[in-house]
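Before any comments, here is the structure.
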Amino acid sequence: MEQIHVIGGGLAGLTAAITAAESGARVTLHEGHRTLGGRARTTDGPHRANEGPHALYRRGPHWTWLARRDLLGPVVSVPPLEGLRFRFRRDGAARRVPPVALLRLARRSARTAPVDADFRSWATGQIGEEGARAAANFAATALFHHDPGALSARFVQERFRRLASLPPEARYPAGGWARLIERMAAHARGLGVAVETGARVDTRRLGELARTGPVVVATSLDSARALLADASLTGESGRTVLVDLALRTRRGDAFVVSDLDAPGWLERFTAQDPGLAPAGEQLLQGQFPIGPDARRAEGAARAEDLLDLGFPCWRERTTWRVEALADGRTGAVDRPGATWRDRPSVVRGDGVFLAGDQVAAPGLLSEVSFTSGLEAAMLAVKAAGRRSGSGVDLNRT
């Protein structure tokens, strides 16, 4: 069988490389950075922060896939007592329980929400205007978008229900997402995948690789557009301020503060994984979506509003703080009338396939990267088999 090349060593790229190698293909993974991971990277110690608040969801497609290959590793969930420290910002004050309207909406199946209506209008008809606004802001946790109510009702409701599910779906790779990436990379190498880091691929190099076999481009959509010189590779994503900080430990701090007055989320990740910060400190991560013309300072100010509500005297206790702006790299969002099928196709022609979190594949957040990586790899294996005239065993995936 011919060589298959995977460009990009994040979750999508590693999924594609493993899938192709399991089918018997010869695979080379090319990663432009010195380290693998993409948006699943974790900072080096002593404070181990992911690139924004991340979680694995038990009902997602990659949970079973990872578990079957013994790649999940240790995962942690929120201790029950920490769940009692969940706070909701509503009308400027911290509340211990969500509005009843949110609980009512959480029982509505996503199938009852129309694709061609915006979430705000549909949810207003279900639970009233105030409840709809709170639900949209709560759902922003899985959207990274400054105006969730303007997005497709079906798209938002699917994510809202999974966020609000009880017991919670969320699980966290112990030690941060980098640990999961390390296990996937080791598994890929064990299957014979040649992993090249610091190997940036440009358009000329892409042409050279494509002559030797199919190529899976598993990069951000912006990078793929430039690499493939394909102006059609566009899609809407979020724009959000990421705020990470460490505080000296204090009993009684909140676990999560969810902003129902505006899109925003702040979570104490050492509640479930104390090893993410030095002894005596706790690690917080938050994300605060802002509009296309807003400045980063706006998101940082909203973060401080939540810190004031859930973490008394946080300024005096801060030992480390980092802020960043994630612009257009937080996953796909769907406007009314659109679904995941309307995003850029995995198949790009001439033996080139696309994977990533803004590609035409279903799922929540990182699940889109996984699903598209899996599909791209299987299609690349078929294409390689046709070019070499050999059979392929897709059942091995």
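Bear in mind these aren't lab numbers, they're just calculated from the coordinates by the rules spelled out. Everything numeric here is computed off the predicted structure, so don't read it as measured data. Heads up, the Cβs are rebuilt from the backbone with ideal geometry, glycines too, and the neighbour counts pull from every protein chain shown.
So, by mean Cβ neighbours within 10 angstrom, what's the order for 336-349, 195-208 with the highest one leading?
The densest-packed peptide leads the list: 336-349, 195-208.
Between Leu325 and Arg387, what is the FRET efficiency for a Förster distance of 51 Å, r being their Cβ-Cβ separation, to the nearest 0.05?
0.75
Restricting to the chain, what percent of DSSP beta bridges are antiparallel, rounded to 5?
DSSP beta bridges in the chain are roughly 65 percent antiparallel.
Please give the net charge around Thr339, taking every other residue with its beta carbon less than 12 angstrom from that of Thr339, where Lys and Arg add +1 and Asp and Glu add -1.
0
Which of the helices in the chain, when you take each full DSSP H run, stretch at least 27 Å along the axis at their Cα atoms and have an average Kyte-Doolittle score of -0.5 or higher?
For the chain, where a helix must reach 27 Å along its axis and average at least -0.5, the hits are 366-388.
In sequence order, what are the phi-derived ³J(HN,Hα) couplings for the range 353-360 according to the Karplus relation 6.51 cos²θ - 1.76 cosθ + 1.60 with θ = phi - 60°, rounded to whole Hz, with x for glycine and proline?
Values per residue, Gly and Pro as x: 10, 10, 9, x, 8, 10, 9, 6 Hz.
Nearest 20 debye, what's the magnitude of the dipole of the chain about its Cα centre given +1 on Lys and Arg Cβ and -1 on Asp and Glu Cβ?
Approximately 780 debye in magnitude.
By how many nm would the segment from Glu196 to Leu81 grow when fully extended, if each residue of separation counts as 0.36 nm and the alpha-carbon distance is taken off?
Fully extending the segment from Glu196 to Leu81 adds 37.0 nm.
Using alpha carbon centroids, what distance separates the range 337-362 and the range 85-132, in Å?
30
Summing Lys, Arg as +1 and Asp, Glu as -1, what charge do residues with Cβ under 14 Å from the Cβ of His54 carry, His54 excluded?
Net of charged neighbours comes to -1.
Can you tally the net charge around Leu364? Count Lys and Arg as +1, Asp and Glu as -1, for every other residue whose Cβ sits under 14 Å from the Cβ of Leu364.
+2
Once the dipole of the chain is set up with Lys and Arg at +1 and Asp and Glu at -1 on Cβ about the Cα centre, which of Ala94, Gly299, Ala106 lies farthest towards its positive end?
Ala106
With r defined as the distance between the Cβ atoms of Arg204 and Arg250 and R0 fixed at 45 Å, what FRET efficiency is calculated, to the nearest 0.05?
0.20
On full extension of the chain, what length is gained from Arg189 through Ser109, given 0.36 nm per residue of separation minus the C-alpha to C-alpha distance?
24.6 nm
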